[in-house]
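Reviewing the structure listed below.
A short reminder: the numbers here are calculations on the coordinates, not readings from a lab. Because the structure is predicted, anything quoted here is derived from the model rather than measured. Note: ideal-geometry Cβ built from the backbone for every residue, glycine included; neighbour counts use all protein chains shown.
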Amino acid sequence: MTAHPHRLLIALDIDGTVLREDGSLGDDTAREVTRLAGLGHEIMLATGRSEAMTLPVVERLGIRPRYLVCSNGAITLKRDPRAELGYSRDRVETFDPTEVLSTIRANLPDANYAVEDQHGVYRYTGFFPEGALGADSLKVDFMELLGSTSTRVVVISPEHAIEDFLSVVGRMGLHKVSYNVGWTAWLDIAPDGVNKSTALDRVRRIMRIPRKRVIAIGDGRNDIDMLEWAATHGRGIAMGQAPDEVKAAANEVTASALDDGVARVFEAIG
């Protein structure tokens, strides 16, 4: 197929964006993803999910993007026909989570903690909802989380209301990491300066796609950097159900995931 003369780089968050909150994929969204991919636009995923939890969504969408951004930018996958699942690791950003874990535990002693290593395996302490960490997870004592090489730390504190959780996190003075707070009392921590936008900008440069040809769509606080980055020269689009601070980072707002907001954007693209 001849490349589209005005090819777009379209980065999609997964949960609450391309997939609805119940995990379903809207018919309109599925149809429009297939149509735009068929036209030669580069549709890729940029997600907080691990590699193992991202690849099944790629298969479900029926796309084969050149790159995938996982773990909020800490892991970038590249299409590789020699790899067992069709993708191999192109770039992995890691850090030692010891200091940040110790700081957070001093402020949130009853929280639950998980550390994802560079192979996508989680070690965790406390309780995490079924499916939240994927199949490759191992329950350990808190001290076994320290001193490791990590791509991501996840902290959940269900007993906190989101406003209280945001307040506690804001007072911690976390340094040497990037972090964001999810829909609930869920804290995602990545290596310093690493987020979806940093990984996407690297992919964009490799693929030689101008920033004005970039579209990013998301709904969560971990999408704020990505939406701000895309909106600077291209289109950063927040889903209709996104929190106000996420919408403020975007330069457009579409319909909610329940109303196939991604499809509504794609329908206007040739």
### Task
For Val253, list long-range residues whose amide hydrogen, built 1.01 Å from N in the peptide plane, is under 5 Å from its own amide hydrogen.
Ala238
### Summary
Reduced to Cα centres, the span from the range 211-236 to the range 93-157 in Å works out to 28 Å
### Query
Dividing the alpha-carbon Rg of the range 25-159 by 2.2 N^0.38 Å yields what?
1.20
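Would you mind working out the magnitude of the charge dipole of the chain relative to its Cα centre, with +1 at each Lys and Arg C-beta and -1 at each Asp and Glu C-beta, to the nearest 20 Debye?
Numbers: 31 positive and 39 negative charges, 300 e Å.
The dipole magnitude comes to about 1440 debye.
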### Query
Using the scaling law 2.2 N^0.38 Å as the reference, what is the normalised Cα Rg of the chain?
0.98
### Query
Across the chain, how many lysine pairs, 8 or more apart or on two chains, come within less than 29 Å at their alpha-carbon atoms?
10
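Which residues make up the longest stretch of the chain that has no GluC sites (Glu not before Pro) in a DSSP loop with at most 14 other Cβ atoms within 10 Å? Don't jump to the answer; show the numbers that get you there.
Details: sites that count: Glu21, Glu84, Glu130, Glu159, Glu267.
Segment 160-266 is the longest.
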### Message
Taking the 0 to 90 degree range and rounding to the nearest ten, how far is the long axis of helix 51-61 tilted relative to the main principal axis of the chain, both from C-alpha atoms?
### Response
30 degrees
### Task
Using just the helices of the chain, give the 222 nm mean residue ellipticity in deg cm²/dmol: DSSP H runs with n ≥ 4 each add -39,500 (n - 2.57), and the total is spread over all residues, rounded to 500.
-8500 deg cm²/dmol
#### Entry: Candidates per trypsin sites (Lys or Arg not before Pro) in the range 1-90, loop by DSSP, up to 12 other Cβ within 10 Å
Arg82
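How large is Rg/Rh for the range 98-191, to two decimals, with Cα atoms and a Kirkwood Rh? It would help to have the intermediate numbers written out before the result.
Values: Rg = 12.3 Å, Rh = 13.3 Å.
Result: Rg/Rh = 0.92.
Can you give the net charge of the other residues whose Cβ lies under 11 Å from the Cβ of Thr254, counting K and R as +1 and D and E as -1? Before the final figure, lay out each step's value.
On the way: positive: Arg235, Lys247, Arg264; negative: Asp219, Glu252, Asp259, Asp260, Glu267.
Every neighbour counted, the sum reads -2.
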### Query
Taking the Cβ of Asp244 as the center, what net charge do the other residues with Cβ under 14 Å away carry, scoring Lys and Arg +1 and Asp and Glu -1?
-2
### Task
With +1 on each Lys and Arg Cβ and -1 on each Asp and Glu Cβ, and nothing else charged, work out how big the dipole of the range 98-191 is about its Cα centre, in Debye to the nearest 20.
240 debye
